[in-house]
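Written below as structure tokens is the structure these notes are about.
The values are calculated or read from the model by the stated rules, or taken from the named source; none is laboratory data. Since we're looking at a predicted model, the values are computed, not measured. Cβ coordinates were reconstructed from backbone atoms using ideal geometry, including for glycine residues, and neighbour counts include every protein chain displayed.
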Amino acid sequence: MISDLMRQVAQKSIAADVEAQILFGTMMSVEPLKVQVDERFILEGDVLILPHYLERQEFRLIHEAEEHTMDKTYIVEPGLKSGDRVILLSLGGDYLILGRVGETDNVRQVVEK
């Protein structure tokens, strides 16, 4: 859960006597994770923590009836993509991606197959 991730990052910060910072960045790539923080530096690899709720989430629903079959894939969370603005929580060298900034194009989709 996100609260567990935040707790872990906070514990590392307290142990290292580091203050928390909120930063804004832009996703450069998702595979591998790479974020440019403003125009100051680039973060990548294990220092970035991505909560599950920001990953692509979809499910497939198949309903078979006598006369027809319904087969639909629902995309509940499209996931992050290059160019997304993100909010980061920085604590002790780790960066937790909290969410997107301005999620105007985050629309639930239905793909019929």
Checklist outcome for this item: Expected output for segment 82-94 (first residue among the basic types (K, R), partner in a strand (DSSP E or B) and at pLDDT below 90, Cβ below 9 Å, 6+ apart or cross-chain) is R85/R100
Checklist outcome for this item: In segment 81-93, anything in a strand (DSSP E or B) and either under 19 Å from S29 (Cβ atoms) or among the charged types (D, E, K, R) (or both) is listed as R85, V86, I87, L88
Checklist outcome for this item: The one condition V37 fails out of (1) surrounded by 10 or more Cβ atoms within 10 Å (Cβ to Cβ); (2) at pLDDT below 80 is (2)
Checklist outcome for this item: L96 vs (1) of a type in the set (A, V, I, L, M, F, W, C); (2) part of a loop (DSSP other than H, G, I, E, B); (3) at pLDDT 90 or above: all pass except (2)
Next on the checklist: For segment 43-75, which positions are closer than 14 Å to I97 by Cα and surrounded by 10 or more Cβ atoms within 10 Å (Cβ to Cβ)?
Outcome noted: L43, E44, V47, L48, I49, L50, P51, H52, Y53, L54, E55
